[in-house]
1. Kindly list, by first and then second residue, each pair from a residue in the stretch 103-118 that is under 21 Å from VAL93 (Cβ atoms) and in a strand (DSSP E or B) to a residue that is of a type in the set (Lys, Arg) and open to solvent by 70 Å² or more (accessible area, probe 1.4 Å), limited to pairs with Cβ atoms under 6 Å and residues at least 6 apart or on different chains.
2. Can you report the number of residues in the stretch 1-33 which are of a type outside the set (S, T, N, Q), more than 20 Å from VAL125 (Cβ to Cβ) and open to solvent by 30 Å² or more (accessible area, probe 1.4 Å)?
3. Just a yes or no: is a residue in the stretch 70-89 open to solvent by less than 30 Å² (accessible area, probe 1.4 Å) and under 18 Å from PRO41 (Cβ atoms)?
Amino acid sequence: QVRLVESGGGLVQTGGSLRLSCAASGPFFSNYAMGWFRQAPGKEREFVSGINWNGDSTISADSVKGRFTISRDNAMNTVYLQMNSLKPEDTAVYYCARNRILRDMLETDPFYGMDYWGEGTLVTVSS
């Protein structure tokens, strides 16, 4: 059984920082790609950033490049999202997901194979 639990969300001012964590349980965490996604009110869920199985390759949405950094610590079964220079448009529920199929992120469709999801953590950036 795979379980993912996000934490670290909260309320910050524009320009502030947050570090999200995703704690995973279950088998084969280190074998698969992981990703962060977000969903703002009234919008569809969108890809934020992803990392391959051993952490040596990452991809990010253009909207967060240079501001957000994804990382993973396989020994701790944890994925992180460091968010800097936050903007009001970053306000969303942030979800962690684990791939069931792929070891590497699929840049053309980052959702592909992301079959395990956490319940999300809310990030609110005030203006």
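1. Listed pairs, sorted by first residue: ASP115/ARG100.
2. Of the stretch 1-33, the ones of a type outside the set (S, T, N, Q) are 2-6, 8-12, 15-16, 18-20, 22-24, 26-29, 32-33.
Now narrow it down to the ones that are more than 20 Å from VAL125 (Cβ to Cβ): 2-5, 23-24, 26-29, 32-33.
Now restrict to residues that are open to solvent by 30 Å² or more (accessible area, probe 1.4 Å): 2-3, 5, 23, 26-28, 32.
Here the count works out to 8.
3. Yes, the conditions are met somewhere in the stretch 70-89.
The values are calculated or read from the model by the stated rules, or taken from the named source; none is laboratory data. None of the values given here were measured: they were computed from a predicted structure. Methodologically, a virtual Cβ is constructed for each residue, glycine included, from the backbone with ideal geometry; neighbour enumeration extends over all protein chains shown. Keep in mind that these areas ignore ligands, DNA and RNA; they rest on the heavy atoms of the full protein, side chains included. Shrake-Rupley method; radii C 1.70, N 1.55, O 1.52, S 1.80 Å.
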